[in-house]
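> Can you keep this structure in mind? I'll have questions shortly.
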Amino acid sequence: MAKIFCIANQKGGVGKTTTAINLAAGLAALEQRVLLVDLDPQGNATMGSGVDKHQLNNSIYQVLIGHCSINDAKCTSESGGYDVIPANRNLAGAEIELVDFEHRESILSKALRLVESDYDFILIDCPPALSLLTLNGLCAANGVIVPMQCEYFALEGLSDLVNSIKQVHANLNPDLKVIGLLRVMFDPRTALQQQVSEQLIQHFGDKVFKTIIPRNVRLAEAPSYGVPGVVYDKSSRGAKAYVEFGAEMIERIKTL
Ligand code: ATP
Ligand code: MG
């Protein structure tokens with residue numbers, strides 16, 4: 001049965017999608033069966049996996065509003081070696097359309113039950129907001145992976161996210177926990193980043209993943225080719241770091 005993880009941080013541009021795509025590809029390279037769910041109307045995880053968001057018959061939007069089954073929306077990332085439930089801008093309408101639905105926060109959770117046994121990992125790429133979409137992600141997941149840049153304001157946003165996770169844990173999904181904080185776009189030469197990284201370890205201890213994802217231009221280039229960075233340049237530091245992170249996740253789920 002798959003372990004389900006949300007990649008979430010309400011702050012924009014912190015590396016959620018890059019982490020979702022490359023963790024999916026890293027895990028696939030380690031022979032895990034992976035499904036990546038794009039839960040962001042921007043559709044970046046879709047495009048970055050090599051699936052054209054403009055040419056979709058079905059997407060996560062149709063799944064959420066009940067117009068198709070999750071299996072009917074499934075695509076494959078040929079380069080990444082994993083499956084994708086894609087998204088595009090239609091998904092922005094779901095926030096409003098779902099308002100009248102009963103149990104509107106647990107629609108994704110129900111939909112995923114149909115495919116849970118087909119995968120080892122299901123990864124959900126969340127939008128940069130604590131919205132109904134993100135709430136659906138949190139209700140469906142066993143845990144949250146929080147990518148963050150080691151900058152001063154990163155810590156402030158973190159407490160909002162941790163509070164939301166606590167609320168969902170208490171009221172909607174007792175299974176949910178923070179799996180870990182992932183330091184991304186890390187530049188060890190910056191004194192501030194080193195300091196924030198040390199503070200993170202002081203506050204969160206074991207919850208900080210051992211793997212550090214460096215700032216690496218190859219990871220930023222890869223999406224324009226519709227290929228995960230892990231595949232685009234296997235020997236780059238960024239690619240190696242994400243495969244290492246995949247191995248750390250495989251170890252981590254043994255303790256869940
Ligand atoms: P949003 O909140 O808009 O969904 P996000 O949190 O998903 O954004 P990404 O899209 O993954 O963030 O990353 C933001 C930008 O930073 C992108 O241009 C991406 O290519 C770049 N980026 C992410 N990680 C790295 C890295 N380790 N090294 C270099 N560039 C990176
Ligand atoms: Mg994103």
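> If you take every DSSP beta bridge whose two residues both sit in region 3-253, what share of them, in percent to the nearest 5, is antiparallel?
On the way: 3 of 28 bridges.
Once the DSSP bridges in region 3-253 are tallied, antiparallel ones form about 10 percent.
> Looking at the chain, what % of the alpha carbon pairs are farther apart than 35 Å? Before the final figure, lay out the partial values.
Values: 2707 of 32640 pairs.
Above the 35 Å cut-off, the chain has 8 percent of its Cα pairs.
> I'd like to know how region 1-145 sits against the 2.2 N^0.38 Å rule of thumb: what's its Cα Rg over that expected value? Write down the numbers at each step before the final one.
On the way: Rg = 13.4 Å, N = 145, 2.2 N^0.38 = 14.6 Å.
Compactness ratio reported: 0.92.
> When the dipole is taken about the Cα centre of the chain, and only Lys, Arg (+1) and Asp, Glu (-1) are charged at their Cβ, what size is it in debye, to the nearest 20? Could you put the intermediate results ahead of the total?
On the way: 23 positive and 28 negative charges, 114 e Å.
Computed charge dipole of the chain: roughly 540 debye.
> First compute the accessible area of region 18-75 with a 1.4 Å probe, then give the percent of it belonging to carbon and sulfur atoms.
Values: 830 of 2160 Å².
Here it works out to 38 percent.
> Non-local amide H neighbours of V178 (under 5 Å, H modeled in plane, Pro and chain starts lacking H): which ones?
Here V144 satisfy the definition.
> Using a 1.4 angstrom probe, figure out how much accessible area the chain has per residue, in square angstrom, rounded to the nearest whole. Intermediate results must be reported in sequence, preceding the final value.
Details: 11570 Å² over 256 residues.
For the chain, the per-residue accessible area is 45 Å².
> OK, next. In the chain, if the dipole is taken from +1 on Lys/Arg beta carbons and -1 on Asp/Glu beta carbons about the Cα centre, which of N173, V227, L36 is farthest to the positive end?
Of N173, V227, L36, it is V227.
> Right, here's the next one. Just tell me which lysines come within less than 29 Å, Cα to Cα, of K234; anything on the same chain fewer than 8 places away is out.
K3, K11, K16, K53, K74, K207, K210, K254
> For region 10-21, in order, what is each residue's ³J(HN,Hα) by Karplus, 6.51 cos²θ - 1.76 cosθ + 1.60 with θ = phi - 60°, in whole Hz (x at glycine and Pro)?
After applying 6.51 cos²θ - 1.76 cosθ + 1.60, I find 6, 6, x, x, 8, x, 4, 5, 4, 5, 4, 5 Hz.
> Sorted by packing (mean other beta-carbon atoms within 10 Å per residue), highest first, where do 13-19, 214-220, 101-107 land? Provide the component values of the computation, followed by the final result.
Working: 13-19: 23.0, 214-220: 17.4, 101-107: 14.9.
Top to bottom by mean Cβ count within 10 Å: 13-19, 214-220, 101-107.
> At R0 = 22 Å, how high is the FRET efficiency between A191 and E156 if r is their beta carbon distance? Nearest 0.05 is fine. Let's see the in-between values first.
Numbers: r = 20 Å, r/R0 = 0.89.
The computed FRET efficiency comes out at 0.65.
The values are calculated or read from the model by the stated rules, or taken from the named source; none is laboratory data. Predicted, not measured: the structure shown is a model, and the values here were computed from it. As a convention, Cβ positions derive from the backbone with ideal geometry for all residues, glycine included, and neighbour counts pool all protein chains shown. To get the accessible areas, we keep the full protein, side chains included, count just its heavy atoms, and leave off ligands, DNA and RNA. Shrake-Rupley method; radii C 1.70, N 1.55, O 1.52, S 1.80 Å.
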